[in-house]
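Bear in mind these aren't lab numbers, they're just calculated from the coordinates by the rules spelled out. Remember, it's a predicted structure, so these values are computed and weren't measured experimentally.
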């Protein structure tokens, strides 16, 4: 599964969130967030769903 990194970064910027804040709001570790932002390949649907929920976007919008 490919992740739309720019979309995540854009939403983080819109909200004024750091990686730490996204990790806190999604219930994921900072390392997991960093991994998703560094590598568009990989990740599982549960991770994408948690990130999407924290950013208040549809999970399919975060996929390429």
As a test of the formula, what do you get for the chain when each DSSP H run with n ≥ 4 contributes -39,500 (n - 2.57) and the sum is divided by the residue count, at 222 nm and rounded to the nearest 500 deg cm²/dmol? -17500 deg cm²/dmol
Mind pulling up the Rg/Rh value for the range 5-58? Radius of gyration and Kirkwood radius, both on Cα. 0.90
